[in-house]
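The values are calculated or read from the model by the stated rules, or taken from the named source; none is laboratory data. Since the structure is predicted, the reported quantities are computational estimates derived from the model, not experimental observations. Neighbour counts are summed over all protein chains in view; Cβ atoms, including those assigned to glycine, are modelled from backbone coordinates with ideal geometry.
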Amino acid sequence: MAEEKVVKVGGHGGRGMRGMPRPKIDNPGKLFVRLIKAVMENYTVHLIVVVACILISVFANIQGTLFTRTLIDAYIEPLSKAARAGEAVDYGPLAIAMLRVACFYAIGIAAAFIQAWTMVYVTQGTLKNLRIRLFEHMESLPIKYFDTNAHGDIMSVYTNDIDTLRQMISQSLPQLLNSAITIVSVLGSMIILNIPLTFVTLFMVAVMLFVSGKVTKMSGKNFIAQQKNLGTLNGFIEEMMNGEKVVKVFCHEKQAVEEFDRYNEALYESAYKANAFSSILMPINAQLGNVSYVMCTIVGGALALTTSETTGTGVAFLLALIGLFGSLSVGSLASFLTFNKNFSMPVNQVSMQLNSIIMALAGADRVFRLLDQEPETDEGYVTLVNAKMENGEITETDEHTGKWAWKHYHKAEGTTDYKPLMGDVTFNDVDFGYNDDKMVLHNIVLHARPGQKIALVGTTGAGKTTITNLINRFYDIQDGKIRYDNINVNKICKKDLRRSLGIVLQETHLFTGTVADNIRYGKLDATDEEVIAAAKLANADGFIRRLPNGYDTQLTGDGANLSQGQRQLLAIARAAIADPPVLILDEATSSIDTRTEKLVQDGMDKLMSGRTTFVIAHRLSTIRNSDCILVMEQGRIIERGSHEELLDKKGKYYQLYTGKKAETA
Amino acid sequence: MVKTILSQLKEFKLIAITAPLWMVGEVICEMIIPILMGHMVDIGVSGGDMGYIVRTGLFMLFVAVLGLICGCMGGYSRSKAAAGLSRNLRKAMHDNIQTFSFSNIDKFSTSGLVTRLTTDVTNIQNSFMMILSMAVRAPMSMIVAMAMSFYLSPRIATVYLIAVIFLMLVIGLFMKSTMVYFKQVFEKYDKLNESVQENVSAIRVVKAYVREEHEDNKFEKAATAIYSMFVKAEKRVAIAGPLMMFTVYSCILLISWMGAHMIVAGSLSTGTLMSLLTYCMNILMSLMMVSMVFVMITMSEASARRVSEVINEKSDLTDPDVPVYEVKDGSIVFDHVDFAYDRNADEPVLKDINLSINSGESIGIIGATGSAKSSLVSLISRLYDVTKGAVKVGGLDVRDYNMEALRNQVAVVLQKNELFSGSIYDNLRWGNPEATDEDCRWAAKLACADEFVEKMPQGYNTYIEQGGSNVSGGQKQRLCIARALLKKPKVLILDDSTSAVDTATDAIIRNAFIRELPSMTRLIIAQRISSVMECDRIIVMDNGKVADFGSHEELLGRCSIYSEVYESQTGANADADFDEPA
């Protein structure tokens, strides 16, 4: 089980890059709806406010643009004429018109402000809820999920995927909405202003979309190559950096450099091509936008000319014909030109936002997939309760009596009986496989009586740890029965079953918090005295007191500031404070050197006395005094008995112990 | 820092300089268009000159195409420059890492180096592209637009200038306070993710102690705290958009009012007013872009710092000017050696070590965890330099040898060993690239690896996955020993290299050494007494000092630490190891 901690590099490259190939997702529509639902769940009113605000601000913006026309046509031109004619110039009406526009602007700004402000709550609130839901759901998942999914992938849901969602909810969605509304309303305004010019604009937008589609396709091909090369190079870097000391010892630097250079060069080639294509997308669109602008100016200029004056040429006649579709004033032209810019911009934006939305949907897909995982089921109904003896009968009580009993409700008879918690564990012909098609444990039979010490020995992969994982139902068995105090473990409420088992794993995991917090993990309401007593029992008190802040020393990064042995001692203390009737020690002292172990041994013996204990160990001192030693090989128990019995047998155990090949096969 | 990064541009320097130049061309083209448009309205439309409209129109198209060419060339150049920079940065780092000593590697840590070579370089590449485009484009278009405005109407341009200064001040002020907030938020955010990470890897502990609810509560509290911090920070950012709108609209209103008066007074034409309104948008948009670029740069600053740290790191081990290439024999002498990983440490890891080991001797080393066994042997192949005293191999100070020559003749099998992706042959040939298949098999046989390799479907051509994940711990250790043996070294150091190999196989390997390589000096670090007790002499390490040095019999008689360990592992109260058999 001892997995090496290898540094993994996240698989997601630069996100939301222009021209990136879109990841494939099965049902984007359904995902989108689900995501919107997740947002709506708590923020329906907020969202309505946001949509209303967007409508208002787009409307205000259009009013502002249209004002340019009014300004020129209705005020400046007549006023200029008046001034030229030497009449008195009255700016009063203009001031009033401007005041009106100012109001529109003010409303627009206010709407934009309310929208942005509300979106902060919507985005962050949704993300918070999503995070909490993710976490709570994750905690409820069976161990199997964590076995079959790389931890890096699970983490990337919390980091990368949630991050892309944040961008999508806070930026892409409102922008997309804004763009869509803008496109529709600007298009409407354009049609009202002038139809021929609208056609020119639409034609140019079509050209723009066509060209950028082509370029995106080309860059997409290179982006795929870039991702592939990046993956190869990152994989190489990861492997080499992890083995860098070996490289040094073997003077392998030159070869490493050569190979690195090869991958690096390949990445460079594809990276610059991919980026070159995607970065010419912007100038292409910008300049095509300018062309569109110019075309409108030419056509519009000509139209305005025919409207304002007649030049009596053939060209003018033609223009006059077009002009039938809409006459054009200089003011209208000015407004239209602004609309032209305002139109190509959101169209461009939509195609860009679409990309990042699809990227975000791929993230949403992973988030929802985690949320859709089947949680650990628990059909157990036998519960663990505080017990009290009254007139020789066990009764339930709310007090902490230190005595526990199984509360067993018999449905058929409608009766409830109480059984004292003893710690008797039996395996009856148990078969187990992580998958149904491949069994890893076969016909396991064992009986651990209360207080007995059972040792499991055997090679790596023989199935020792797996057996202990079945007792606390980390996994469910395929065949046979496991009984705890003569109750089928499937009937026991998982929470209570696990509470009655103490476990110390080979791989120690500590949590961020103080040393005392970590010991208290075994019993959340433990007093300081209990914590210290548990630490003393595990022989951890000594080193804890030497830490800078004693029991209040902060541990970070899985207890990185402690030695492996010290961490194991804390794990033992954590199990000790929980005070369970059954104890599972899976290589609990493997990282403690022989001399220190002697010191811990005393505490371990105290810890084990009076408890049923399952020990997995490779040191004889830990195993020898067991009541029963089970020798495992390839998922089967091949020998069992006490130390002396097994030595006499001269079988596998004898071979393991003496290092000599067995005399009898 | 910036200098270090930029100096890696090398052959891409020219193209990196041309990129912004193209950009300038593009911006100028873009800026000419509104002014042409103004002329078109004033002279063409108002003046009724259709010929002028067509002429100007064609010229405008020409300018747009010119802009397109500039834009594409700019995009191409900056992509090439940025990709090239990242290539060179990676190479510079990787080349330098290859010269690193163990202590240099320790300083950065493996994961630190991986991040620098991957994520950090990508960050720099992205920002560099951004800098070459936006950082040039935005200020450029702002300046050009401003200049054009001043040319068209200094009075109205003054309004822009005031607006720009106003926006700059406000945005600057905002950014400063918001950045502080965001920094805090992201720190907290990282912590939150760390706690998720913690839960993912410790899920068995959580479940075994039925602490799901406890963890849920902890997480909910942390997530809520982050939520309120994010809301606070993002609310500030949310003001930026409306603020920008406010400025733009104010400008438009002001200009319209002023423009109307000026046109009526005859000091401004309608076309010019239209051009000016276009510039207004340009200027303020560019300003927003400048602030974005600023954020990008600060974000990649940390990456740039980390990358330049690696590039500038000097290896603390260097070859002497006139190195010796031949190690005479396998004798080893420690002469008053003190050693500390950190030169400023109060307490050295090794204290006043004096040892003399003969060529061809087998030496066992035992001692508790942390007694500095590994540190002791790492000095022999000069993985680290001593702090005081000297280590001599073959009669010469290790610092007098060429490092590669020394390490080829003093082979170390590290405690944390790695296999690399590739066939078993490939892996074995790390020891000697010229080794024949025969040589490889010979070494594998000596290390007792032959038997399981032969059983594999493709034998020696079996592909080893990254990190050797498809072989067991014991198999990996035996392959690592075989790999070291192919060097045919004068000294072989096994640092706890058979811990996952069972006792019987361990003994077979040791006997094979005696039989096949009798002249090779062997140093064996082990927890297991049986691995060392047959050695000629045994070093007992205790807390950074040599507690005793002598043969098994001598030590049993006089060294309490040794006899204690011996007692606990053998004899009547035997404590053997149950390990993986062959």
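Couple of notes before you dig in:
- Number of positions in segment A:265-301 that are surrounded by fewer than 20 Cβ atoms within 10 Å (Cβ to Cβ) and either of a type in the set (S, T, N, Q) or more than 8 Å from every other protein chain (Cβ to nearest Cβ) (or both): 2
- A:Met240 meets all of the listed conditions (1) within 30 Å of B:Met93 (Cβ to Cβ); (2) in contact with a Gly (Cβ under 8 Å, 6 or more places away or on another chain); (3) free of Cβ contacts under 8 Å to residues at least 60 places away in the same chain but one, namely (2).
- For A:Phe203, the stated conditions hold: it is in a helix (DSSP H, G or I) and farther than 30 Å from B:Ala405 by Cα.
- Set B:Ile311, B:Ile297, B:Ile255: member being at pLDDT below 85 and not in a loop (DSSP other than H, G, I, E, B): B:Ile297
- Search result, residues across segment A:502-527 that are touching a residue at least 60 places away in the same chain (Cβ under 8 Å), among the polar types (S, T, N, Q) and touching a strand residue (DSSP E or B) at 6+ places or on another chain (Cβ under 7 Å): A:Gln506
- So A:Asp517, is it within 11 Å of chain B (Cβ to nearest Cβ), over 30 Å from A:Met439 (Cβ atoms) and not in a loop (DSSP other than H, G, I, E, B): yes
- A residue that is closer than 30 Å to A:Thr466 by Cα, among the acidic types (Asp, Glu) and surrounded by fewer than 20 Cβ atoms within 10 Å (Cβ to Cβ) cannot be found anywhere in segment B:196-203.
- Top-ranked residue of segment A:464-479 - restricted to ones that are crowded, with 17+ Cβ neighbours inside 10 Å and more than 14 Å from chain B (Cβ to nearest Cβ), ranked as nearest to A:Val430 (Cα to Cα): A:Ile477
- Checked against (1) at positive phi; (2) part of a loop (DSSP other than H, G, I, E, B), B:Glu347 passes all but condition (1).
This table checks each residue for (1) part of a helix (DSSP H, G or I); (2) over 18 Å from A:Thr123 (Cα atoms); (3) of a type outside the set (Ser, Thr, Tyr); (4) at pLDDT 85 or above.
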{"site": "B:Phe182", "(1), (2), (3), (4)": "yes, no, yes, no"}
{"site": "B:Phe186", "(1), (2), (3), (4)": "yes, no, yes, no"}
{"site": "B:Tyr189", "(1), (2), (3), (4)": "yes, no, no, no"}
{"site": "B:Glu194", "(1), (2), (3), (4)": "yes, yes, yes, no"}
{"site": "B:His214", "(1), (2), (3), (4)": "yes, yes, yes, yes"}
{"site": "B:Lys235", "(1), (2), (3), (4)": "yes, no, yes, yes"}
{"site": "B:Pro242", "(1), (2), (3), (4)": "yes, yes, yes, yes"}
{"site": "B:Met245", "(1), (2), (3), (4)": "yes, yes, yes, no"}
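- Segment A:64-109, subset among the charged types (D, E, K, R) and part of a helix (DSSP H, G or I), residue nearest to A:Ser335 (Cα to Cα): A:Arg69
- Flag if B:Ala484 is among the aliphatic types (A, V, I, L, M) and away from every other protein chain (no Cβ under 14 Å): no
- Hey, B:Asn402 closer than 27 Å to B:Ile561 by Cα, polar (S, T, N, Q) and out of contact with any Leu (no Cβ under 6 Å at 6 or more places or on another chain) or not: no
- Every test in (1) touching a Ser or Thr at 6+ places or on another chain (Cβ under 8 Å); (2) surrounded by fewer than 19 Cβ atoms within 10 Å (Cβ to Cβ); (3) within 14 Å of another protein chain (Cβ to nearest Cβ) is passed by A:Leu209 save one, and that test is (3).
Every residue, every condition in (1) among the β-branched types (Val, Ile, Thr); (2) facing chain A (nearest Cβ under 9 Å); (3) under 30 Å from B:Val386 (Cβ atoms); (4) assigned to a helix (DSSP H, G or I), yes or no:
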{"site": "B:Pro20", "(1), (2), (3), (4)": "no, no, no, yes"}
{"site": "B:Glu26", "(1), (2), (3), (4)": "no, yes, no, yes"}
{"site": "B:Val54", "(1), (2), (3), (4)": "yes, yes, no, yes"}
{"site": "B:Phe62", "(1), (2), (3), (4)": "no, no, no, yes"}
{"site": "B:Gly71", "(1), (2), (3), (4)": "no, yes, no, yes"}
{"site": "B:Tyr76", "(1), (2), (3), (4)": "no, yes, no, yes"}
{"site": "B:Ala83", "(1), (2), (3), (4)": "no, yes, no, yes"}
{"site": "B:Leu89", "(1), (2), (3), (4)": "no, no, no, yes"}
{"site": "B:Ala92", "(1), (2), (3), (4)": "no, no, no, yes"}
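- So B:Phe100, is it more than 9 Å from every other protein chain (Cβ to nearest Cβ) and either closer than 22 Å to B:Glu404 by Cβ or at pLDDT 85 or above (or both): no
- Whichever residue in segment B:106-120 is farther than 17 Å from B:Ile5 by Cβ and surrounded by 19 or more Cβ atoms within 10 Å (Cβ to Cβ) and, among such residues, is farthest from the other protein chains (Cβ to nearest Cβ): B:Phe108
- Test result for A:Ala102, facing another protein chain (nearest Cβ under 7 Å), among the small types (Gly, Ala, Ser) and surrounded by fewer than 19 Cβ atoms within 10 Å (Cβ to Cβ): yes
- Only one of B:Met37, B:Met31 that is under 20 Å from A:Tyr293 (Cβ atoms), facing another protein chain (nearest Cβ under 8 Å) and at pLDDT below 85: B:Met37
- Check on B:Thr503, touching a Gly at 6+ places or on another chain (Cβ under 7 Å), at pLDDT below 90 and more than 22 Å from B:Asn358 (Cα to Cα): yes
- Any pair with Cβ under 6 angstrom, 6 or more apart, that starts in segment A:176-203 at a residue that is surrounded by fewer than 17 Cβ atoms within 10 Å (Cβ to Cβ) and ends at one that is at pLDDT 85 or above and part of a helix (DSSP H, G or I): A:Ile191/A:Thr198
- Total residues in segment B:220-245 satisfying the condition of being surrounded by 18 or more Cβ atoms within 10 Å (Cβ to Cβ) and either within 7 Å of chain A (Cβ to nearest Cβ) or of a type outside the set (Gly, Ala, Ser) (or both): the figure is 12.
- Within segment A:525-560, being hydroxyl-bearing (Ser, Thr, Tyr) and modelled with pLDDT of 90 or more holds for A:Thr527, A:Tyr551.
- Segment B:204-219, residues that are surrounded by 16 or more Cβ atoms within 10 Å (Cβ to Cβ) and charged (D, E, K, R): B:Arg204, B:Lys207, B:Arg211, B:Glu212, B:Glu215, B:Asp216, B:Lys218
- Residue in segment A:492-510 that is β-branched (Val, Ile, Thr) and in contact with a Ser or Thr (Cβ under 7 Å, 6 or more places away or on another chain) present: no
- Subset of segment A:642-665 (residues that are at pLDDT 85 or above and in contact with a Lys or Arg (Cβ under 7 Å, 6 or more places away or on another chain)): A:His643
- Every pair of residues 6+ apart whose Cβ atoms lie under 8 Å, when the first sits in segment A:634-653 and is closer than 15 Å to A:Thr459 by Cα while the second is among the aromatic types (Phe, Trp, Tyr): A:Glu639/A:Tyr653
- Test: residue in segment A:433-449 that is of a type in the set (Asp, Glu) and either farther than 20 Å from A:Ile503 by Cα or in contact with an Asp or Glu (Cβ under 9 Å, 6 or more places away or on another chain) (or both): yes
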